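Colleague: Here it is, the structure, as structure tokens.
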Amino acid sequence: MSAPGAAFGTGPLSRAAALVHTLLTVEVLLLLAASPGLPVLLLAGNDPANLPLAALCLLPLGPAVSAALYALHHRDRDLTDLHPARAYRRGLRLNALPVLKLWAPLLAWLTLIAFTLTHFAATGLPGWWAVLLLAVGAGSLLWGAHALVLTSLFAFRTRDTARLAGYFLLRHGRATLGAASLLVLAGGLTALLTEALPALLAAPLLLSLLHSSRPVIAETLEDFTV
């Protein structure tokens, strides 16, 4: 009688059910953690004048995403031993302050770039500056994706995390390309359908980010941790 009981929760269907349960739990907790700003962000509209307000509304999203990455990375595969909410709360407690030290400056920098681009005609700059700003903004987003993963899973100093994120930006091109693909997908869903859709699909998108970041995580564990 012990063998069937021992095997329960370890089969493919059980693992799939465990994954779905974890994704749904993490999704709900992420939305709750980001809820102080998301409703205002969705109602604010696309007026460039609302860019500073949008950045302020997105501030809670950094810790919420970081906790989600932590919970998904430490998820249990066994249906009989699932604690995604506990892992999420632990990730939020550990990472909220460290991630804000990177997330807030990144938001401010991206807001400045977006404001400049939306008022580009008034700057008097040549057209190639707009292309340069777009490239810098895209690079900053990809750097931010690496920085979020590193901050969520490792306890480095802020400046060390920033340097490692920049190092991995070119060091692991496939991981960076994977992050770029997810950003394009999220942007496409927002532009073609609704701004709420990427938020509702945040958990599976972040799980994909973790999957594409495996080389970054492996090298960090091997070369930059004791």
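We did not get these values from a lab; they are worked out from the coordinates using the rules stated. All figures in this text were calculated on a predicted structure; none of them were measured in a lab. Please note: Cβ atoms are built from the backbone with ideal geometry, for glycine as well, and neighbour counts cover all protein chains shown.
Colleague: For the chain, what's the relative contact order in percent, using C-alpha pairs closer than 8 Å and at least 6 residues apart?
Modeller: With pairs under 8 Å counted, the relative contact order is 21 percent.
Colleague: Still on this structure, please answer the following. Candidates (i) 14.5; (ii) 15.7; (iii) 13.9; which is the computed mean projected area of the Cα convex hull in nm²?
Modeller: Given (i) 14.5; (ii) 15.7; (iii) 13.9, the structure-derived one carries the label (i).
Colleague: Could you order peptides 129-142, 20-33 by the average number of other Cβ atoms within 10 Å of their residues, highest first?
Modeller: In decreasing order of mean packing, 129-142, 20-33 become 20-33, 129-142.
Colleague: When the Cα centres of the range 66-144 and the range 189-208 are compared, how far apart do they sit, in Å?
Modeller: With the range 66-144 and the range 189-208 each reduced to a Cα centre, they are spaced 14 Å.
Colleague: Where in the chain are the DSSP H helices whose alpha-carbon span along the long axis reaches 27 Å or more and whose Kyte-Doolittle mean is at least 1.0?
Modeller: Passing helices, by number: 12-34, 127-153, 173-192.
Colleague: Give the peptides 112-118, 62-68, 96-102 in descending order of average Cβ contacts within 10 Å, highest first.
Modeller: 62-68, 96-102, 112-118
Colleague: With a 10 Å radius around each residue's Cβ, average the other Cβ atoms per peptide and rank 215-221, 70-76, highest first.
Modeller: 70-76, 215-221
Colleague: Let me ask something additional. Under a 10 Å cutoff between Cα atoms, tell me which one of LEU192, LEU58, LEU206 has the largest fluctuation in the Gaussian network model of the chain.
Modeller: Result for the chain, Cα springs under 10 Å: LEU192 fluctuates most.
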